[in-house]
Amino acid sequence: MTDNSREWIRLWPNDAPWAQGTGDEDIPAIMAYPVNEDGRGAVIVCPGGGYSGRAEHEGEPIALWLNSIGIPAFVLRYRVAPYRYPCALTDVQRAVRYIRHHAGELGINAGKIGVLGFSAGGHLTASIGTHYDSGNPEAVDPIDRQSCRPDAIVPCYPVITLKPPFYHGGSAMNLLGENPDPDLLESLCLENQVTPDTPPTFIWHTADDAAVPVENALLLASALRKNNVPFDLHVYETGRHGLGLAEEDPHVATWTTVCGLWLKRQQF
């Protein structure tokens, strides 16, 4: 359950781009989980849910784990179906810009903003790791002048490709609809979008994931290697999809320890 003392912070003061209504699901927002030490890097958490929802166990519990290792966190409420591309990507880009712009008052190192996400949220995480810009210096909104490039990404059992045979059909359908434009589809098959400028990446998956095949993680890792991007890849022998912190499985649960050490190495 969400801590009732926390409040959602709207990412746009007025309606978000392409807003279809005024309910919570139309309002992209972040919930802050601060720590008591200034100057730390921060991580934005993107829960999974096939681009049709956002799993609670991949939100606040992850933010509290990050807090436990001294890292401020923000859970992102990004838009899901019936919203389609580019809404969710625009939301996470805005979240990075927003936190970077407000880093001083938030006590956060603006040069260390990471994104961590699960499943479809892992696709969103890898999307911002491959689709970002340095901001628009002419923008009226000062937030839009900020870069949205993350300094590290952590895709967890992520959707990476949107094409058979290894794709997750539901995520692809909810994100792009039926018969998407081939160029757009290709641009969101993220194994083909990695460049040498893609941020350092930590990936974990389970080898027998029945919903999102482990090949998604392997495709991403291979692309990172080809582009000489630093990465950690951890594939566990067995475990169902959607484990989150994986507290039910002592072996897979070690991902948080290893990821925490990796984030420390990235100076978060």
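The values are calculated or read from the model by the stated rules, or taken from the named source; none is laboratory data. No experiment lies behind these values; they were computed from the predicted model shown. Neighbour counts run over all protein chains shown; Cβ positions are idealised from the backbone, glycine included.
When you look at T238, is it in contact (Cβ under 8 Å) with a residue 40 or more places away in the chain and more than 18 Å from I62 (Cβ to Cβ), yes or no? No.
Among all residues of region 59-76, there is none that is out of contact with any Ser or Thr (no Cβ under 7 Å at 6 or more places or on another chain) and acidic (D, E). Within region 48-79, the set of residues being among the aliphatic types (A, V, I, L, M) and surrounded by fewer than 22 Cβ atoms within 10 Å (Cβ to Cβ) comprises A55, L64, I69. Check every one of the helices (runs of 4 or more DSSP H) wholly within region 107-225 and list those with 1 or more residues that are farther than 23 Å from C259 by Cα. Hits in region 107-225: 169-176, 182-187. The requirement of being modelled with pLDDT of 95 or more and touching a Leu at 6+ places or on another chain (Cβ under 6 Å) is fulfilled somewhere in region 207-221, by at least one residue. The residues of region 32-58 that are aliphatic (A, V, I, L, M) and in contact with a Gly (Cβ under 8 Å, 6 or more places away or on another chain), listed by number, are V35, A42, V43, I44, V45, A55.
From the residues in region 1-33 that are in a loop (DSSP other than H, G, I, E, B) and surrounded by 16 or more Cβ atoms within 10 Å (Cβ to Cβ), which one is farthest from the chain's Cα centre (by Cα)? Reasoning before the result, please.
Kept after step one, since they are in a loop (DSSP other than H, G, I, E, B), are these residues of region 1-33: 1-7, 11-23, 27-28.
Add one more test, that the residue is surrounded by 16 or more Cβ atoms within 10 Å (Cβ to Cβ), and what stays is 11-12, 16, 19, 27-28.
Details: L11: 16, W12: 19, A16: 19, A19: 21, I27: 18, P28: 14 Å.
Across region 1-33, the extreme among qualifying residues is A19.
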